[in-house]
1. Write out, first by first residue and then by second, each pair whose Cβ atoms fall under 8 Å of each other, whose residues are 6+ apart or on separate chains, and whose first residue, in segment 117-140, is of a type in the set (K, R) while the second is buried (at least 16 other Cβ atoms within 10 Å of the Cβ).
2. Could you list, in sequence order, the residues of segment 40-94 that are open to solvent by 40 Å² or more (accessible area, probe 1.4 Å), assigned to a helix (DSSP H, G or I) and closer than 20 Å to P129 by Cα?
3. Against the definition (more than 14 Å from the chain's Cα centre (by Cα) and open to solvent by less than 60 Å² (accessible area, probe 1.4 Å)), how does A23 come out, yes or no?
4. What number of residues within segment 50-89 are closer than 22 Å to S136 by Cα, small (G, A, S) and free of Cβ contacts under 8 Å to residues at least 40 places away in the same chain?
5. Give just the number: which of (1) part of a helix (DSSP H, G or I); (2) in contact with a Ser or Thr (Cβ under 9 Å, 6 or more places away or on another chain) does R143 not satisfy?
6. Identify the single condition in (1) assigned to a helix (DSSP H, G or I); (2) within 26 Å of G21 (Cβ to Cβ) that L127 does not satisfy, given that it satisfies every other one.
7. Of the residues that sit in segment 95-146 and are touching a His at 6+ places or on another chain (Cβ under 6 Å) and not charged (D, E, K, R), which one is surrounded by the fewest Cβ atoms within 10 Å (Cβ to Cβ)?
Amino acid sequence: MAHLNLTLIHSMPAIPFRSSGLAYQKLWLAFGVSLVLLLLYGSLAPAKALPPLGGSDKFWHAGTYFVVMAYFAQIYTSMRARLFIAVALMVLGVAIEFIQPYVNRQFDWFDALANSIGVAAALLLSLSPLGSILRSVDDRLKRILR
């Protein structure tokens, strides 16, 4: 037990977090971080501090995680990176549910499920031509700002 075998860890390839070569990658990443911060605020702020959104809260859960996943899938285009981000967002969604009782919110497995459905839907969408919309925006912005 004193000798820890790290062979498995060392043999694992690194997650390729190469972007799709966007000209304004730092800008897009800053916007993505803002999306995650909004997600965290909306999930952990007291419910009374949030505006009433109407409709099913599961729709809002799925929609929010869909938007965040779809956005980052535009920046990180390798399937490996996308899967890593998808798993990270799903874990975040579950972790937030465990934290919510400590901030006067309720734990709800169905919220975590809705979050995961949104992530999975965005991951599937990223495989379509819609998975490169940000590339088009980035290219146009690059031409305009020359």
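The values are calculated or read from the model by the stated rules, or taken from the named source; none is laboratory data. Everything numeric in this text was worked out from a predicted model, so none of it was measured. Note that each Cβ is placed from the backbone with ideal geometry, even for glycine, and that neighbours are counted across all protein chains shown. Ligands, DNA and RNA are stripped out before the accessible areas are found, and what is left, the full protein with its side chains, is counted by its heavy atoms. Shrake-Rupley method; radii C 1.70, N 1.55, O 1.52, S 1.80 Å.
1. Correct list of pairs: R135/S20; R135/L22; R135/Q74.
2. F66, V67, M79, R80, L83
3. Spelling it out, A23 is indeed more than 14 Å from the chain's Cα centre (by Cα) and open to solvent by less than 60 Å² (accessible area, probe 1.4 Å).
4. Residues that pass the stated criteria total 0.
5. Single failed check for R143: (2).
6. (1)
7. Checked segment 95-146; the qualifying residue surrounded by the fewest Cβ atoms within 10 Å (Cβ to Cβ) is A114.
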